[in-house]
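See below for the structure under consideration.
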Amino acid sequence: MSTQLSIAHDPAARHALWQRMRVPAFAFVALMLFLAAIVGLGALAPSRTASFIEIGLVACMILTVLLFSMEVRLETPLMRFFALIGFAWVGILFGMVLLDYLSR
Amino acid sequence: MNPNDHPIALWPASASASAVETDWLILAFTVLTLLLVVPIFIGVTIFAIRYRDGNKVNRQHSDRRDRMLELGWMLIPFTLTLFFFAWGARMFMDHKNPPANATRIEAIGKQWMWKFQHPGGEAEINDLHVPTGEPILINMISQDVIHSLYIPAMRIQVETLPGRYTQLWFQADRPGTFRIYCSEFCGTDHSAMDGLLTVMTPADYSDWLAHSGSSASMAEAGKSLFSAYGCTGCHRGTDTDRAPTLAGLYGRPVRLAGGGTVAADDSFLRDKIQNPGHNPIAGYPQVMPSFNGIIPEDELTRLVAYIRQPPTTRKLSALPTPLIEAPPSIVAPSSVLAQRSPLAEPSLP
Amino acid sequence: MSPLDITLRDPETPRSTLGRPPDYLHEAHTLRSWFFTTDHKRIALLYLATITAFFVVGAIAAGLVRLSLIVPNGQIFTSDTYNKLFTVHGVVMVWFFLIPSIPATFGNFLIPLMIGAKDLAFPRLNLLSWYVFIGGGLFTVADLVIGGVDTGWTFYAPLSTTFSNTYVVPALIGVIIVGFSSILTGLNFVVTIHTMRAPGMTWFRMPIFVWTHYAVSLIFLLGTPVITITLILLVMERSFGIGVFDPRLGGDPVLFEHLFWFYSHPAVYIMVLPGMGVISEIVPAFAQKRLFGYRFVAYASLALASITFFVWGHHMFVNGESNLAALVFSLLSFAVAVPSAVKVYNWTATMYKGSIRLQTPMLYAMGYIGLFVLGGLTGLFLATLSINEHTHGTYFVVAHFHYIMVGGTMLAFLGGLHFWWPKFTGKMYPEAWGRVSAIFIFIGFNVTFFPQFLLGYLGMPRRYHDYPPEFQLLNIVSSAGATILAAGYIFPMIYLIWSLWFGRQAPSNPWQAKGLEWTTTSPPPTHNFETPPTVDFAPYDYPLRTPADV
Amino acid sequence: MSDVTFPVGIDVHEQFANADQQRHAAQLGMWIWLVTELLLFAGLFMVALVLHIMHPGSVRAAVLHFKFWIGAANTAVLICSSFTMSGAIMLSRMGWQRWMVRCMLATAALGSLFLLLKGYEYYLDYAEHMMPFVGQPYALEGDPASRLFTNLYFVTTALHGAHLTTGVAILLWMAWQAHRPGFLQARQNRIEVYGLYWHFIDLIWIIVFPLLYVVGR
């Protein structure tokens, strides 16, 4: 059995936890705000322009999740590369298919 | 190759200026290819012999790299081939822009036959007769799966898609009999979906037309269908009370209810007859019934041919009031598309 | 310099075989030790046996297709049988032989050896991917052989969704399952190459074989999921009529082609790139000379793997794609010529002033170079828009991709099999038989497929069971060539198996080749190296013949 | 017993040289798997985009039938679950194994809530005749193109639901493993790697929700 440290009500440990939870909490709040904006736009002012703004907001949400929740900002360049390459390839797929559909 | 060719001909017959140019393109490209690959073949062979293990030859070399050499054999062949890209692209764009005066033939691909209809209404199965010296535009659609109308003597093919018109054109410059194929695999009798293209002198062609016994031109046939399916009930001449007018509609942009416009081309007209509720048009409530599965593909082609006519020749205002009182949705279909159920997966033995 | 370094630097130095632990083949003999192994080398042999079996199925179907085409009016089989036969050939060869062939066998066996690792990063995942592969493969092959499918390997909608009356759904499900095997293999390779390299094994000390497998793994990872979801949509369409590819509901069959070729064009490079890796090992070994332009060849592999994702539309020039898209796809397709040219010219330059031994693997490699060049350049013909308008859907296309896939992948596969056979099994194959079969395959292949270029330009459409009589002569020539080719395939199957029992014991490095895999015993011990290697030398460090040496 | 910390670490498998290499490999492996997941869903997003372009009107008709507010609530639920998952990861790094298990159970509960809401939404769709493939008459009969988008909605949400169900199952299994002391000492790595998966399923839904429910309204 490993050594067990009793830290039941150790204020220093709790403080360390809150320190660590600051970034996830920030991501949580940011995501909720973005979501509120998207839902608000979609519910109150649906239009073509609103659609483009919504897509922009989705991009912000994706970035937030990647950078802060999934901690890409702390990762090695290799992990960042693999976090990025999927989106780059989605870009190729979308770009080349839309090249056809938008010019038909 | 074609029925009367020599059995060991190594070059296909050609029957249009464009086909001859394609041949020149491929010949010139072959010459370039040989220039690029023959050195490799010779090099591999000579090196394999000369530098064979045990041969006493000078093998002195260093590890130094000539970057220019490597960049050179990367980029020079590429640049040379780009010339052929440009040549091929120019011809391709020519093939996509038919002359305005082209004679228009409607084609329908279905499992497993080709149906052609001349502007005067003469219909043919699998075989096609065309005159020399006149651009021929083939406007085609598939009734079921994807086919591809392939005329090797013209060095051209375009696929026929279900639900959408595609076009190809050519101008034959010598009489003869040439093969037509379907070149996109389309099921059991794919290889039986071929026929003969007979290119005739203009005189022979008009003679052939005169003896082929057509009762009505495409547009005339379309006009009677327009009445028979009850379209005249709403689309009356230039009257726009109940439905948008179709006079002069062809080729114009149409405003959609959802925003944006779409050009009223063949595919649009066909789509509107089949699925009126799809992408509703601005200004009119969607009340038209769907004719999906009710009007067969060849009748659709005739209807579109009728709507495509300029209003003066069509005299829409002189059309009679509805001939049929019954709502169009219960008009007995003359032939419903033979469709197999998507659920008809046979059970494994 | 310690003795260890000397053996690493110069693999010709014999190592003591006394008192060494049993190698991976002789460590255990139970069935359980094979079917539950996590040793990458044993899994590679499981794959080898499996894909050979699939190859035999596909080859028999090809033989029957060529048999049928001897006569023009299709009297030998009914059209349905013929259509099912070429579908068996296409589906089995593409999905169950060519795509896994080199990566799953040689890649699995050699990547850890070449980078000096004990195993792949996820050995259990590796075993799982074999089970997934054989599960999906047997499912589909059983469906194809017992029931039959007549859509061709391309499964174009709406033929496959609505109009075909054959057993399409099980075949699709099998192909979807096999896709996961590709993904897991690719994932394992990428992680292994990134994290498991021996100390000192930098990126530019890796053999080109590892580079090409890295590039292939990226294609597996970035392409396969798209074909998986596309085929899932196809299954849904056929089972529930969801309509995404059904024009009667406003769907678009051309969208299927886009999604299909987004994977299936890069899949060509899944087949070709590993072959290039094999050739890049064989040519320096049998010329005893460093690979010319190593860095260019390495970068060219990555360039091919990325450019290939931009060119899929060249399969659709006449399929209703927009003119602009056709122009762009055509231009980008020409760009593929650049990295391909790099490889071919660099292999040729490697032979220059080498010390060349024309043993079996080298014969295959030379054949590969010739056939790949022809296949690649006819690819440029097809990428030229107006030539494509004539040759699309004809035997010209068939000949072109067989030059790439048989002339390329198959010859590289056989070349690599002979090259590494001593390492895999510890036995030498009979050299004379090897050379005879290599020559048979080269001649048989050309007699089979060169006439098909002519047939295609003459206008014979592919997948035709009943063709016009004027094409008969060339078809007979082609079928005759297929007979020679078949003989060339049967020889190695016999003498390689024979060599397992009767072959001469192989030394650690029979070809005096460089590379970490030749520094270990033949066959290697279970954990690949008796002592973990440290690398401080360049790849392909064959001796330079500087003026001082001559 | 609940307020104790445990040493954190991993058992090294034999093919790896050290724990760092193994940790690195596992992390990279998961990222690569997520790349393939993204491209899997990208095929569906591509179809959705093409339908948006080809049939804007029909797509709008279908979108107006989808349960916008349930979709929005579900997005919020997943964002909350992402937060609890982050909590579990942070706690695992500090060695607070008991609290970590609680966070994992909270995450699994939120995931299940999502699935329940999704199930209810499917029920409402069924009741409104928005499930044409089950053979019932379809609410938008005159507009066949809208059926495509409706069907795509079911394929996409079902595929996402399958991923989430798998995720919840793995989470519960890991929580069960972690209820004994010593989990973090041998397998702390697993929770990190699993966390990436959970966040990514969340990210996929963040794309799915606007693409299917919001854009084109």
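Lysine pairs in segment C:35-543 8 or more apart or on different chains: how many have alpha carbons under 13 angstrom apart? Display every interim value, and only then the final one.
Details: C:Lys41/C:Lys118; C:Lys41/C:Lys423; C:Lys289/C:Lys353; C:Lys289/C:Lys514.
Value for segment C:35-543: 4.
Remark: segment B:232-299 is approximated by an ellipsoid whose semi-axes, taken from the C-alpha gyration tensor as √(5λ), come to 17, 15, 13 Å, largest first.
Give the shape of the protein assembly as shown as rounded, prolate or oblate, defined through the alpha-carbon gyration tensor: a ≥ b ≥ c are the square roots of its eigenvalues, a/c under 1.5 means rounded, and otherwise the shape is prolate if a/b is larger than b/c and oblate if not. It comes out oblate by the Cα gyration axes.
Spin-label pair C:Arg32-A:Ala88: with each label point 7 Å from Cα along the Cα-Cβ axis, the two points sit 4.8 nm from one another.
As a length-normalised measure over Cα pairs under 8 Å and 6 or more apart, the relative contact order of segment D:25-113 settles at 22 percent.
Taking 60 Å as R0, compute the FRET efficiency from the Cβ-Cβ separation of C:Met493 and B:Asp241 and round it to 0.05. That pair, C:Met493 with B:Asp241, gives E of 0.15.
Return the percentage of antiparallel bridges among DSSP beta bridges fully within the protein assembly as shown, rounded to the nearest 5 %. Walk me through the intermediate numbers first.
Numbers: 38 of 51 bridges.
So the antiparallel bridges amount to about 75 percent of the total.
Less than 19 Å from a label point 7 Å out along the Cα-to-Cβ axis of D:Tyr120: which backbone N atoms in segment D:49-88 qualify, by residue? Backbone N within reach: D:65-81. Projecting the Cα atoms of C:Tyr131, C:Thr151, C:Thr162 onto the dipole axis of the protein assembly as shown, where Lys and Arg carry +1 and Asp and Glu carry -1 at the beta carbon, places C:Tyr131 farthest toward the positive end. Its alpha carbons considered, chain C gives a radius of gyration followed by a Dmax of 23.3, 77 Å.
Scalar couplings 3J(HN,Hα) for segment C:266-275, obtained by applying the Karplus form with A = 6.51, B = -1.76, C = 1.60 to θ = phi - 60°, are x, 4, 4, 6, 4, 7, 8, 4, x, x Hz; x denotes Gly and Pro. Residues in segment D:60-77 near a label at A:Ala37, defined as backbone nitrogen under 14 Å from the 7 Å Cα→Cβ point? Correct set: none at all.
Taking only Cα atoms, what is the 0 to 90° angle, nearest 10, from helix D:68-94's long axis to the longest principal axis of chain D? Long axis of D:68-94 versus the principal axis of chain D: about 10 degrees.
With the charge dipole of chain D set up from +1 on Lys and Arg Cβ and -1 on Asp and Glu Cβ about the Cα centre, the Cα lying farthest toward the positive end among the listed residues D:Pro210, D:Ala106, D:His55 is that of D:Ala106. About its Cα centre, the dipole of the protein assembly as shown is roughly 2900 debye, where the only charges are +1 on Lys and Arg Cβ and -1 on Asp and Glu Cβ. Per-peptide packing, taken as the mean over residues of other Cβ atoms within 10 Å, places C:107-118, B:105-116 in the sequence C:107-118, B:105-116 from highest down. A cut-off under 13 angstrom between Cβ atoms defines the neighbours of B:Pro244, and their net charge, with Lys, Arg +1 and Asp, Glu -1, is +3. With K and R counted +1 and D and E -1, the other residues having a Cβ less than 12 Å from that of C:Trp261 yield a net charge of -3.
Taking 24 Å as the straight-line reach from the Cα of D:Lys67, the lysines in range (excluding those fewer than 8 positions away in the same chain) are D:Lys118. Each of the peptides D:80-88, C:39-47, A:85-93 was scored by the mean count of other Cβ atoms within 10 Å over its residues; in descending order, highest first, they stand as D:80-88, C:39-47, A:85-93.
Percent relative contact order of segment C:35-543, based on C-alpha pairs within less than 8 angstrom and at least six residues apart?
Relative contact order for segment C:35-543 comes out at 18 percent.
Give the calculated FRET efficiency between C:Gln512 and B:Leu10 to the nearest 0.05, with a Förster radius of 56 Å applied to their Cβ-Cβ distance. In this case the efficiency is close to 0.75. Spin-label model, A:Arg73/C:Ile60: points 7 Å from Cα along the beta carbon direction are separated by 6.2 nm.
Suppose a student asked you for the relative contact order of chain A, using Cα pairs under 8 Å spaced at least 6 residues apart; what percent would you report?
Values: 30 pairs, mean separation 23.2, N = 104.
Answer for chain A is 22 percent.
Given charges of +1 on the Cβ of Lys and Arg and -1 on the Cβ of Asp and Glu, with all other atoms neutral, how large is the dipole of chain D about its Cα centre, in debye to the nearest 20? Display every interim value, and only then the final one.
Details: 12 positive and 12 negative charges, 63 e Å.
In debye, rounded to 20, chain D gives about 300.
Would you work out the charge dipole size for segment C:35-543 about its Cα centre, treating the Cβ of every Lys and Arg as +1 and the Cβ of every Asp and Glu as -1, and quote it to the nearest 20 debye?
Values: 23 positive and 19 negative charges, 275 e Å.
That gives a dipole near 1320 debye.
In the protein assembly as shown, a dipole from Cβ-located charges (positive for Lys and Arg, negative for Asp and Glu) runs towards its positive end, and of C:Val235, D:Leu159, D:Gly195 it is D:Gly195 whose Cα lies farthest in that direction.
Which one of B:Pro135, B:Pro77, B:Pro244 has the biggest mean-square fluctuation once chain B is modelled by GNM with Cα springs under 10 Å? Among B:Pro135, B:Pro77, B:Pro244, the largest GNM mean-square fluctuation belongs to B:Pro77.
Antiparallel beta bridges, as assigned by DSSP with both residues in chain B, represent about 75 percent of the total such bridges. Amide H contacts of B:Arg179 (H built 1.01 Å from N, in plane; Pro and chain starts excluded): B:Ala153, B:Leu197 sit under 5 Å, all sequence-distant by 5 or more or on other chains. Database remark: amide H of B:Leu161 closer than 5 angstrom to the amide H of B:Ser142, B:Thr166 (H placed geometrically; neighbours at sequence offset of 5 or more, or on other chains; Pro and chain starts carry no H). Calculated mean residue ellipticity, 222 nm, chain D: -27000 deg cm²/dmol, from DSSP H runs (n ≥ 4) at -39500 (n - 2.57) each, averaged per residue and rounded to 500. Compared with the dominant Cα axis of chain B, that is its longest principal axis, helix B:297-308 is turned about 80°.
Mind checking the angle between helix C:360-383 and chain C's longest principal axis? C-alpha axes, 0 to 90 degrees, to the nearest 10. Once rounded, the angle reads 30 degrees.
The numbers here are math on the coordinates, done by the rules we state, and not lab data. In this text, all values refer to a predicted model and were calculated from it rather than measured experimentally. Note that we place each Cβ from the backbone using ideal geometry, even for glycine, and neighbour counts take in every protein chain shown.
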